[in-house]
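Please read the structure below before turning to the comments.
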Amino acid sequence: PVLVVDFGAQYAQLIARRVREAGVYSEIVPHSITAAEVSAKNPVGIVLSGGPSSVYEPGSPSLDPAILELGIPVFGICYGFQVMAQALGGAVAQTGGREYGATDMAVKADHALVGGQPTTQTVWMSHGDQVATAPAGFTVVASTDATPVAAFANDERRLYGVQWHPEVKHSECGQDLLENFLHKCAGLPADWNSENVIETQVAAIRAQVGTSRVICGLSGGVDSAVAAAIVHKAVGDQLVCVFVDHGLLRQDERRQVEEDYVKATGIRLVTVDVREQFLNALAGVSDPETKRKIIGREFIRTFEQAERDLMAEAAADGEPIKFLVQGTLYPDVVESGGGSGTANIKSHHNVGGLPDDLQFELVEPLRALFKDEVRAIGRELGLPHEIVGRQPFPGPGLGIRIVGEITQERLDLLREADAIVRHELTAAGLDDQIWQCPVVLLADVRSVGVMGDGRTYGHPIVLRPVSSEDAMTADWTRLPYDLLAKISNRITNEVAGVNRVVLDVTSKPPGTIEWE
Ligand code: XMP
C-alpha cells in the first residue's frame, strides 16, 4: 500500500481517498508509527498529511526521522511538508506570512511533479508557518508571493513535498499533482479498481467461510446490499439475507429490495414483517431517545428470532450458520481506532448495534473501502441504481423524522412527502451534490392556512438538505429557489394534512443532520 501518515484534523482520510482515486491502494497510519513498523507494512510510497500544529512547538506530532531514510518515496503535504523540511535539515519558521484559501502559485522548476501543468495556478493554502529554507540537495519547485519555498523535490532520494493542499478540489491541479507523485516520481501503476477488489474479496471470503452458512441483515442501504452481493458472489446460496420491514421504511424501499435487488443478485431473502409490532411498541412515545431505544430493542429481537429460525433450519441440513456479514466501511474502522490508533471519535450507531455475546464470526468485505468505492463495486456487480445511489438513511428510519408520537397515519403522510422530495431532487439532477435530505414531519405543531375558500389547520414539513463529506460536519445545501417552490407546491397540494413547507438552514454543528 501507500501509507498515509495522519497528523490529525481529518485530512488523512481525504488524502487516502484521493490516492485510491489515482488507482493506488492506500492505508492510514498514525504519525507515531516507527520506521520498523513502516517497513513491516511493505509500503510502495508514503504521504504525510497536513495537521493543525506547528512543528517547532513542544509536543507537536512528529515523525520517526528514520522513515525518511528507508528509500521509500515520500510526499509531504502542508504540515507533513514542514515535518520533512525540519527532519532533513531545512528551516521552518513563523514568518507572519499567513496564507489561507485560494492562492496564486508559480512553478519555478521543470519537474515531473508539475509536469504538464500550467506554470501559474490556483492552489489551496492553509498555514501560518512555512519552510524558510529548503534542505540541502532539494530543488524548489514552486513559490507563492508569501511562500518562496512552496514545493520541493529531491529525485535522488525520492522525497517531495508541497505547502498547499492538493487533496482539496480548490487546488486546480491537485489530483494531477498527486498522480504525478504516485505514477511518475514513485513509479506506481494505477491498478487498484473495483474489479480487482471484488476478485480479492471473493477469494478471501471463500477461504474464510468454507462450506459454512452465512447470514446477513439487509437494511435497504448501499453498504449491506453491496456486502451481501459480494458474499453471494463468493459462496452463493450458503448466504441467506434477512430484511426487517419495521414500517419505518420509505416508499418503495421494500419492493426495491424484495424485487429489484433479489432479481439482480439471485440472493435468497427472508422478509420479516413486524410493522404492527413496532407500531404497538412505539405507541404513545414521543421522546427521541426513548424512540431510538425501543426501535433498537425491537429490531434486535426481530433479527435474533429470524436467526434462530434459520439456524434451526440450517442445523436440520447439517451445515450450521457460523458467519454474519457486516457492511463496515474503512472510515468506521479508522474512527473506532482500528485502523490507525487514533481516538474513538464516534461509536457505531447502526440500529441497536451488535449484541455483546455475538455467536457469529464476522465477514466484513467492505472493511478496507470508502463509500464511493462501495458504490463503484455495487455498480460493477450490477445492483439496481436506486440502491447503489441511495443516500444515507438512519437505522431508526422515519421513526426519528416524526417529531412527536409515531402513528400509522403520520408515517403514511411523511412517506408521501419524502417520496416527492426525493423524486424532485433526482429529477433536478442534484443527487450527487446532496449528501442527504431528511424530510421531517412536525407532528406536534399545527399552523393555520388557507386553501380554496377554506381555513386549514395542518402540520409543517421540514426540508433538511445537507452537503457533507462524512456526516461529521455538514452545511445546508443552497437548493435553487425554483426547485424549492416546486417541492413546496407539490407537498402542500398532494399531501393531505400538510399546509406548510419550511427549510432548515442550520449547519452541523450546531444542528445535527437528523432532528431527533
Ligand atoms: P446526525 O443526526 O447525528 O447524523 O448528524 C449523522 C448521520 O448519521 C445518520 N444517523 C444514523 N444512522 N443509525 C444509523 O445507521 C442511527 O441511529 C442514526 N442516526 C443518525 C444520519 O442520517 C446522518 O447521515
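The values are calculated or read from the model by the stated rules, or taken from the named source; none is laboratory data. All of these numbers come straight from a predicted model, not from anything done at the bench. Using ideal geometry, Cβ is built from the backbone for each residue, glycine included, and neighbour counts are taken over all protein chains shown.
Rundown of residues vs (1) assigned to a helix (DSSP H, G or I); (2) without any contact (Cβ under 8 Å) to a residue 60 or more places away in the chain, yes/no style:
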| site | (1), (2) |
| --- | --- |
| E156 | no, yes |
| G161 | no, no |
| W164 | no, no |
| Q175 | yes, no |
| F181 | yes, no |
| N196 | yes, yes |
| V214 | no, no |
| I230 | yes, no |
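Filter region 188-213 down to residues that are under 20 Å from L383 (Cα atoms) and among the aliphatic types (A, V, I, L, M), then give me how many there are.
Within region 188-213, the first condition is being under 20 Å from L383 (Cα atoms), and the residues that meet it are 193-202, 205.
With among the aliphatic types (A, V, I, L, M) added as a condition, the list becomes 197-198, 202, 205.
Of the residues in region 188-213, 4 are under 20 Å from L383 (Cα atoms) and among the aliphatic types (A, V, I, L, M).
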**Asked** more than 25 Å from L383 (Cα to Cα), in contact with a Lys or Arg (Cβ under 7 Å, 6 or more places away or on another chain) and not acidic (D, E), is that true of A142?
**Response** yes
**Asked** Of everything in region 51-95 that's in contact with a Cys (Cβ under 9 Å, 6 or more places away or on another chain) and closer than 23 Å to S39 by Cα, which residue is surrounded by the most Cβ atoms within 10 Å (Cβ to Cβ)?
**Response** F75
**Request:** Check region 341-363 and report whether any residue there is surrounded by 13 or more Cβ atoms within 10 Å (Cβ to Cβ), part of a helix (DSSP H, G or I) and either at pLDDT below 95 or among the aliphatic types (A, V, I, L, M) (or both).
**Result:** no
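Conditions tested, residue by residue: (1) farther than 29 Å from D444 by Cα; (2) touching a residue at least 24 places away in the same chain (Cβ under 8 Å).
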| site | (1), (2) |
| --- | --- |
| D260 | yes, yes |
| V274 | no, yes |
| Q277 | no, yes |
| G284 | no, yes |
| R292 | no, yes |
| R308 | yes, no |
| A315 | yes, no |
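For residues that are within 16 Å of the ligand (Cβ to nearest atom) and surrounded by 23 or more Cβ atoms within 10 Å (Cβ to Cβ), tally how many sit in region 225-256. Write out each step before concluding.
Of region 225-256, the ones within 16 Å of the ligand (Cβ to nearest atom) are 225-227, 243-244, 246, 248-250, 253.
Add one more test, that the residue is surrounded by 23 or more Cβ atoms within 10 Å (Cβ to Cβ), and what stays is 225-227, 243-244, 246, 248.
Counting residues in region 225-256 that are within 16 Å of the ligand (Cβ to nearest atom) and surrounded by 23 or more Cβ atoms within 10 Å (Cβ to Cβ) gives 7.
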**Message:** Which numbered condition in (1) in contact with a Leu (Cβ under 6 Å, 6 or more places away or on another chain); (2) loosely packed, with under 14 Cβ neighbours inside 10 Å is the only one that A428 fails?
**Reply:** (2)
**Complete:** Residue pairs qualifying under the 7 Å Cβ cut-off, at least six apart or on distinct chains, with the first in region 469-492 being free of Cβ contacts under 8 Å to residues at least 60 places away in the same chain and the second being away from the ligand (no atom under 16 Å from the Cβ), are L483/E424; L483/A428; L484/L503; S488/V501; T492/V498; T492/N499; T492/V501
**Prompt:** Applying the selection to region 387-442, what residues are within 15 Å of the ligand (Cβ to nearest atom), among the basic types (K, R) and either assigned to a helix (DSSP H, G or I) or under 19 Å from A485 (Cα atoms) (or both)?
**Reply:** R422
**Complete:** (1) closer than 16 Å to M84 by Cα; (2) among the polar types (S, T, N, Q); (3) outside any strand (DSSP E or B) all hold for Q130 apart from (3)
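Would you confirm, using the coordinates I've provided, whether V240 is without any contact (Cβ under 8 Å) to a residue 60 or more places away in the chain, under 20 Å from F360 (Cα atoms) and outside any helix (DSSP H, G or I)? Write out each step before concluding.
Working: without any contact (Cβ under 8 Å) to a residue 60 or more places away in the chain: no; under 20 Å from F360 (Cα atoms): yes; outside any helix (DSSP H, G or I): yes.
Against the criterion (without any contact (Cβ under 8 Å) to a residue 60 or more places away in the chain, under 20 Å from F360 (Cα atoms) and outside any helix (DSSP H, G or I)), V240 does not qualify.
Kindly indicate whether any position in region 444-460 is more than 16 Å from the ligand (Cβ to nearest atom) and touching a helix residue (DSSP H, G or I) at 6+ places or on another chain (Cβ under 6 Å).
The answer is no, given that none of the residues of region 444-460 is more than 16 Å from the ligand (Cβ to nearest atom) and touching a helix residue (DSSP H, G or I) at 6+ places or on another chain (Cβ under 6 Å).
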**Item:** Boolean, F303 is at pLDDT below 95, closer than 30 Å to L239 by Cβ and hydrophobic (A, V, I, L, M, F, W, C)
**Value:** yes
**Message:** Return the residues of region 257-290 that are within 16 Å of the ligand (Cβ to nearest atom), more than 26 Å from the chain's Cα centre (by Cα) and in a helix (DSSP H, G or I); say none if nothing qualifies.
**Reply:** F278, L282, T290
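For region 144-151, indicate whether the set of residues that are part of a strand (DSSP E or B) and touching a strand residue (DSSP E or B) at 6+ places or on another chain (Cβ under 8 Å) is non-empty.
Pass one, region 144-151, residues part of a strand (DSSP E or B): 151.
Applying the additional criterion that residues be touching a strand residue (DSSP E or B) at 6+ places or on another chain (Cβ under 8 Å) yields 151.
Yes, because at least one residue in region 144-151 is part of a strand (DSSP E or B) and touching a strand residue (DSSP E or B) at 6+ places or on another chain (Cβ under 8 Å).
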**Filtered residue count, region 158-178, keeping only those that are of a type in the set (S, T, N, Q) and surrounded by fewer than 23 Cβ atoms within 10 Å (Cβ to Cβ)** = 1
**Single unsatisfied condition, A368 versus (1) out of contact with any helix residue (DSSP H, G or I) (no Cβ under 8 Å at 6 or more places or on another chain); (2) more than 16 Å from the ligand (Cβ to nearest atom)** = (1)
**K169 vs. criteria farther than 30 Å from L48 by Cβ and not hydrophobic (A, V, I, L, M, F, W, C)** = no
**In region 314-338, the residues that are at pLDDT below 90 and in a helix (DSSP H, G or I)** = A314, A315, A316, D317, P331, D332, V333, V334, E335
**Message:** I'd like the full set of residues that are touching a Phe, Trp or Tyr at 6+ places or on another chain (Cβ under 9 Å) and surrounded by fewer than 22 Cβ atoms within 10 Å (Cβ to Cβ), limited to region 387-419.
**Reply:** Q391, P392, G395, I400, V403
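Answer yes if at least one residue in region 150-169 is closer than 24 Å to A12 by Cα, in the same structural domain as E27 (by TED's automatic domain parsing), hydroxyl-bearing (S, T, Y) and modelled with pLDDT under 95, and no otherwise.
No, there is no match, as no residue in region 150-169 is closer than 24 Å to A12 by Cα, in the same structural domain as E27 (by TED's automatic domain parsing), hydroxyl-bearing (S, T, Y) and modelled with pLDDT under 95.
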**Prompt:** What residue, among those in region 461-509 that are at pLDDT below 95 and in a loop (DSSP other than H, G, I, E, B), is nearest to the ligand (Cβ to nearest atom)?
**Reply:** A471
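Does at least one position in region 278-292 carry a residue that is acidic (D, E) and loosely packed, with under 13 Cβ neighbours inside 10 Å?
Narrowing region 278-292 to residues acidic (D, E): 287, 289.
Next, from what is left, pick out any that are loosely packed, with under 13 Cβ neighbours inside 10 Å: 287, 289.
Within region 278-292, one or more residues are acidic (D, E) and loosely packed, with under 13 Cβ neighbours inside 10 Å.
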